[in-house]
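The values are calculated or read from the model by the stated rules, or taken from the named source; none is laboratory data. Just so it is clear, the structure is predicted and the values come from calculations on it, not from any experiment. Note that each Cβ is placed from the backbone with ideal geometry, even for glycine, and that neighbours are counted across all protein chains shown.
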Amino acid sequence: MSGTGKTVTRVDLCEAVYQKVGLSRTESSAFVELVLKEITDCLEKGETVKLSSFGSFMVRKKGQRIGRNPKTGTEVPISPRRVMVFKPSAILKQRINGEPTEAVAVSAANGKAQKAG
């Protein structure tokens with residue numbers, strides 16, 4: 001699906017589980033819903049969800065600030081809120097950029113990239 005601009009939906013994820021794992025369509029749908037619910041519940045509680053080789057979902061608190069209505073230029077207060085952010089792993093970044101997916105670690109001592117082994 002690379003470069004197609006396609007949006008992957010829950011139905012697509014359920015179908016992929018059905019095709020690749022071999023569960024029934026009903027079980028595949030229930031499985032996907034369960035995983036998404038668990039991720040949502042953890043984020044709602046303010047926990048970080050880290051998926052190895054994929055990335056981390058985190059909730060951050062943003063303080064109140066002054067924003068500006070782009071049409072009128074009027075300043076308006078933006079209330080404090082929590083936002084969800086996603087930080088991709090180095091492996092995911094490499095994959096989406098077409099680079100080899102071998103793990104690369106940066107040595108803090110000399111700053112040179114080395115293969116993790």
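I'd like to know if the range 66-74 contains one or more residues that are touching a residue at least 24 places away in the same chain (Cβ under 8 Å) and not in a helix (DSSP H, G or I). Steps first, please.
Within the range 66-74, the subset touching a residue at least 24 places away in the same chain (Cβ under 8 Å) is none.
No, that holds for no residue.
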_Unmet requirement for L43, which otherwise passes all of (1) touching a helix residue (DSSP H, G or I) at 6+ places or on another chain (Cβ under 9 Å); (2) in contact (Cβ under 8 Å) with a residue 12 or more places away in the chain; (3) outside any strand (DSSP E or B)_ = (1)
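Pick from the range 1-24 the residues that are in a helix (DSSP H, G or I) and of a type outside the set (D, E, K, R): which of them is nearest to M84 (Cα to Cα)? Break it down into steps so the answer makes sense when it comes.
First, pick out the residues of the range 1-24 that are in a helix (DSSP H, G or I): 10-21.
Pick out the ones that are also of a type outside the set (D, E, K, R) and you get 11, 13-14, 16-19, 21.
Numbers: V11: 23, L13: 21, C14: 24, A16: 26, V17: 26, Y18: 29, Q19: 31, V21: 30 Å.
Taking the candidates together, the pick is L13.
Condition first: hydrophobic (A, V, I, L, M, F, W, C) and either surrounded by 10 or more Cβ atoms within 10 Å (Cβ to Cβ) or within 20 Å of the chain's Cα centre (by Cα) (or both). Can you find one or more residues in the range 65-74 that meet it? Don't jump to the end; show me each part of the working.
Applying the first criterion (hydrophobic (A, V, I, L, M, F, W, C)) to the range 65-74 yields 66.
Then drop every residue that is not either surrounded by 10 or more Cβ atoms within 10 Å (Cβ to Cβ) or within 20 Å of the chain's Cα centre (by Cα) (or both), which leaves none.
No, the range 65-74 contains no residue that is hydrophobic (A, V, I, L, M, F, W, C) and either surrounded by 10 or more Cβ atoms within 10 Å (Cβ to Cβ) or within 20 Å of the chain's Cα centre (by Cα) (or both).
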*Output the residues belonging to the range 42-73 that are within 16 Å of V85 (Cβ to Cβ) and among the aliphatic types (A, V, I, L, M).*
L43, V49, L51, M58, V59
_Number of positions in the range 10-24 that are surrounded by 14 or more Cβ atoms within 10 Å (Cβ to Cβ) and of a type in the set (V, I, T)_ = 1
*Odd one out for E38 among (1) out of contact with any helix residue (DSSP H, G or I) (no Cβ under 7 Å at 6 or more places or on another chain); (2) modelled with pLDDT under 95*: (2)
*With the checklist (1) closer than 29 Å to G5 by Cβ; (2) at pLDDT 95 or above; (3) out of contact with any strand residue (DSSP E or B) (no Cβ under 7 Å at 6 or more places or on another chain) in hand, flag the one item M58 doesn't pass.*
(3)
*E27 passes all but one of (1) among the charged types (D, E, K, R); (2) surrounded by 12 or more Cβ atoms within 10 Å (Cβ to Cβ); (3) closer than 26 Å to V85 by Cβ; which number fails?*
(3)
*Can you name the condition, by its number, that S53 falls short on among (1) surrounded by 11 or more Cβ atoms within 10 Å (Cβ to Cβ); (2) among the hydroxyl-bearing types (S, T, Y); (3) in a helix (DSSP H, G or I)?*
(3)
